[in-house]
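Every number here is computed from the coordinates shown, using simple stated rules; none is lab data. Everything quoted here is computed from the prediction, not taken from an experiment. In this analysis, Cβ positions are derived from the backbone assuming ideal geometry, glycine residues included, and neighbour counts consider all displayed protein chains.
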Amino acid sequence: METEIINISKSNNKEEIYNKLITYYKDNKLIAIPTETVYGLSADATSDEAVCKIYEAKGRPSDNPLIVHFYEMNQLNDIVDYQDERVDKLIENFWPGPMTLILNAKENNGISKKVSAGLSTLAVRMPSNKTARQILKETKVLLAAPSANTSGKPSPTKFEHVYHDLNGKIDVIIEDEQSDIGLESTVIDCTRTPLVIARPGEITKEDIEGILGLGSVKYNDEVMVDTQTPIAPGMKYRHYSPEAELLYYEDSLEKALEFLKTKNKKTGFITYKSNEYLFENLNISVKYLADNEKSVEQSNKNLYNILREFDEEKVEEIYILPIKETKENIALLNRLNKAISRK
Ligand code: TXA
Ligand code: MG
């Protein structure tokens, strides 16, 4: 299959492109689109055939459900059922944006059963990225879209990452800018009380408590003590991993420097710009997550891109010093811990 690359913002006939996308979705084609979190691999959520093709192209286990992306609230009310002030407030404050809600699905809502992988709930999201919104608005299609990477790899934050993983396996890649946020959306299970954060993201527990009050929400780990089963099935898989082994260097920066002096270009190190001067004479590959440890937004935006850059350089082992947990960096540490190799 030839993968077509389309840049909507550079085209002077946008209408023609949207008409083409409408036809493509109708024909069950797979189209990678930008979002503010990461690039998504989209297809018509009402078509069994289209949804099956998503799982196939990514090599994704069929028990890991997908998120439905939509443009406006009418569309949401057709597919899920809720009467819950908490949900109303979350929507008012955080949509469009990097938040996914798990809600009870309406019966016979037209969404392919394969989207929710047999669950009676449905994950839904109204993205804020301009191009994504425009595509949703113009095509009027409900889009099932997981991240547009090969299953297990870091999610794509640049269209080149999508090309690397899925060229020849999908029909179209919409070329756009680097994803603003760089980590996947916060997934909130709204069928429970308190609410449960099934996957941490840019919108934090404190952000939610700021709207709904203290104690209104818990992390998945705090509620799964008995069952050990994560609410979001996807969170049980090892994830986001580069080809290289990513390992914590559990010691000081000084000790790490000593250790890295004995290494060559096959070794990578992830640190902050503020430490750049220390690495000038080393022979290893050094990459900077952000200016300093406090720059969490920068770190989120860069993490997956850095992991993919090391792979391009054929680095075999990557070290990073453990990062101290704060209220802001829960999502970053969640992804990093999942990417770390277990020896
Ligand atoms: O930011 C994002 O959410 C990106 C962009 C493209 O929107 N999408 C994304 O999709 O990260 P994906 O498929 O890589 O992750 C979706 C997560 C998985 O962990 C999945 O198990 C969970 O959401 N999920 C989906 N439907 C669910 C449901 N009904 N109940 C529980 N978890 C669900
Ligand atoms: Mg994913």
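Okay, here's what the table says:
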{"item": "Choice from Leu136, Leu282, Leu166 showing the highest fluctuation, given a GNM over the chain with Cα pairs closer than 10 Å", "result": "Leu282"}
{"item": "Relative contact order [Cα under 8 Å, 6+ residues apart], region 121-272, whole percent", "result": "16"}
{"item": "Convex hull per residue volume in Å³, alpha carbons only, for region 71-183", "result": "128"}
{"item": "Spherically averaged projected area in nm², based on the convex hull that wraps the Cα atoms of region 283-333", "result": "3.9"}
{"item": "P(r) histogram, all alpha-carbon pairs of region 55-126 included - 5 Å bins from 0, percent", "result": "3, 15, 27, 24, 16, 10, 3, 1"}
{"item": "Residue order, fewest to most beta carbons within 10 Å, for Ser128, Ser285, Ser42", "result": "Ser128, Ser285, Ser42"}
{"item": "Among Gly97, Gly210, Gly40: highest mean-square fluctuation, GNM of the chain, C-alpha pairs under 10 Å", "result": "Gly210"}
{"item": "Region 1-107: proportion of alpha-carbon pairs further apart than 21 angstrom, %", "result": "48"}
{"item": "Subset of Lys301/Lys327; Lys10/Lys314; Lys266/Lys338; Lys20/Lys53; Lys140/Lys301 violating a 27 Å alpha-carbon distance limit", "result": "Lys10/Lys314; Lys140/Lys301"}
{"item": "For Asn7, distant residues with modelled amide H under 5 Å away", "result": "Glu175"}
{"item": "Among Thr37, Thr139, Thr157, residue whose mean-square fluctuation peaks in a GNM of the chain (springs only between Cα atoms under 10 Å)", "result": "Thr139"}
{"item": "Tilt relative to the chain, helix 296-312 - C-alpha long axis, 0 to 90 degrees, to 10", "result": "80"}
{"item": "Pairwise Cα inverse-distance average, inverted: Kirkwood Rh of the chain (Å)", "result": "20.9"}
{"item": "Amide H contacts of Ile318 (H built 1.01 Å from N, under 5 Å, at least 5 apart or other chain)", "result": "Glu245, Leu246, Leu247, Gly268"}
{"item": "For region 266-342 and region 16-44, distance of Cα centres in Å", "result": "32"}
{"item": "Taking N as its residue count, the alpha carbon Rg of region 98-140 over 2.2 N^0.38 Å", "result": "1.33"}
{"item": "DSSP beta bridges in region 93-250 [antiparallel fraction, %, rounded to 5]", "result": "50"}
{"item": "Proximal aspartates and glutamates to Lys273, defined as alpha-carbon separation beneath 13 angstrom and excluding residues fewer than eight positions away on the same chain", "result": "Asp291, Glu293"}
{"item": "Rounded to 5, the percent of DSSP beta bridges in the chain classed as antiparallel", "result": "40"}
{"item": "Hull-based mean projected area of region 173-256, where the convex hull spans the alpha carbons, in square nanometres", "result": "9.8"}
